[in-house]
Amino acid sequence: MIRFLVLVCALGINGVAVAQGSSAVRPAITGIAHVTFYADNLQKSRAFYGGLLGWEQVPAGDPQPGVRFYANHVQYIALKPAPSMGLSDRFDSVGFSTSDAEQLRKFLEVHGVAVPPSTTVDAEGDKSFEVKDPEDNKVEFIQWGEHAPKGDRAAQDRVSTHIIHAGIVARDRAKLDRFYKDVLGFHLYWEGGSGPGRTDWVMMQVPDGTDWLEYMLYLPSNPMREQLASAYHFAPGVESVTELDTKLRQRGWIPSSNERPPLLGVDGKWQLDLFDPDGTRAEFMEFLPVKEPCCSRYTGAQPSSKAEW
């Protein structure tokens, strides 16, 4: 009898070890899923995202108010009605695609991250959950279901078919690295600054893809609305910003006073900044650098326009 109890206890301990071991395996995190902002005027936003950019418009769906604009079948910009007009901080959340949302939820729980008790499943079969990063940014992880919108818009109608990165305001790089790098497995893709000895931008690439999250480290302690709207941004990738400029002008785009002409960034890539009706920056960026970057070398694969992830 004693031998039997010892055997049962041993099997129980081994079972716990196996369960904990499986929870400690991180599933793939493959790229940007969405960036969500608050909008004051959804009608004006529809003209920008659906008209000028040519992205597929899909209602956010119950119980989420607002609208989504799909660059492809697994990436979108989501807009929510603002709780009050004229908000300074219009950022709501950033989302990343994962191969297994429930496994990732368990993985984060094992690593001491506060997680919800379970994932949620929406009408399209997408599984997701939300957490907060160390600087209180809301981060969502999504496992796509079988019914993601395919869209009726032809690829040539879309000025970009791949959102390659998102930017967030960052204060403490070390704290963010402990979450994104040490726990989630993001790695440094490139870093640089506007002058010698400065680090203003830190690009952290997802562990299983080419998209990245950019820490925007240069803001003052009390930034103005325009500074926040530029820092909390998203970046659609393009083959050529010159061709993009031509296509936008053919659609009636007239650059505003704060929309710069094509600019060669210190990271060696051409970019063109647009601003949506609420001032949120869309940093269109070429997929490939045309010269050696300043400050540091790229350490990961470059993105492309591919429609499958």
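Tabulated values for the structure
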| read-out | value |
| --- | --- |
| Positions within the stretch 269-298 being touching a residue at least 24 places away in the same chain (Cβ under 8 Å) and farther than 24 Å from Leu228 by Cα, in sequence order | Phe287, Val290, Lys291, Glu292, Pro293, Cys294, Cys295, Ser296, Arg297, Tyr298 |
| Flag if Phe107 is outside the structural domain of Ala231 (by TED's automatic domain parsing), among the hydrophobic types (A, V, I, L, M, F, W, C), closer than 30 Å to Pro207 by Cβ and within 17 Å of the chain's Cα centre (by Cα) | no |
| Matching residues, the stretch 82-101, being of a type in the set (D, E, K, R) and surrounded by fewer than 16 Cβ atoms within 10 Å (Cβ to Cβ) | Asp89 |
| Single match in Lys132, Lys127 (criterion: of a type in the set (Lys, Arg), over 23 Å from His165 (Cβ atoms) and modelled with pLDDT of 95 or more) | Lys127 |
| Test: Gly50 is outside the structural domain of Met203 (by TED's automatic domain parsing), at positive phi and not hydroxyl-bearing (Ser, Thr, Tyr) | no |
| Selection within the stretch 192-222 - out of contact with any Lys or Arg (no Cβ under 7 Å at 6 or more places or on another chain), under 28 Å from Phe107 (Cα atoms) and not hydrophobic (A, V, I, L, M, F, W, C) | Gln205, Pro207, Asp208, Gly209, Thr210, Asp211, Glu214 |
| Qualifying residues in the stretch 43-87 (those that are of a type in the set (A, V, I, L, M) and touching a Lys or Arg at 6+ places or on another chain (Cβ under 6 Å)) - the one nearest to Ala229 (Cα to Cα) | Ala78 |
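Results for (1) under 23 Å from the mean Cα position of the chain (by Cα); (2) farther than 28 Å from Tyr38 by Cβ; (3) not β-branched (Val, Ile, Thr), shown as yes or no for each residue.
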{"site": "Ile254", "(1), (2), (3)": "no, no, no"}
{"site": "Asn258", "(1), (2), (3)": "no, no, yes"}
{"site": "Lys269", "(1), (2), (3)": "yes, yes, yes"}
{"site": "Leu272", "(1), (2), (3)": "yes, no, yes"}
{"site": "Phe275", "(1), (2), (3)": "yes, no, yes"}
{"site": "Phe284", "(1), (2), (3)": "yes, no, yes"}
{"site": "Phe287", "(1), (2), (3)": "yes, yes, yes"}
{"site": "Cys295", "(1), (2), (3)": "no, yes, yes"}
{"site": "Ser305", "(1), (2), (3)": "yes, yes, yes"}
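Yes/no per residue for (1) outside any loop (DSSP other than H, G, I, E, B); (2) at positive phi; (3) surrounded by 20 or more Cβ atoms within 10 Å (Cβ to Cβ):
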| site | (1), (2), (3) |
| --- | --- |
| Thr210 | no, no, yes |
| Asn222 | no, no, no |
| Glu226 | yes, no, no |
| Pro261 | no, no, no |
| Leu274 | yes, no, yes |
| Val290 | no, no, no |
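The values are calculated or read from the model by the stated rules, or taken from the named source; none is laboratory data. Small disclaimer: the values here were computed from a predicted structure and weren't measured. All Cβ positions, glycine included, derive from the backbone under ideal geometry; neighbour counts span all protein chains shown.
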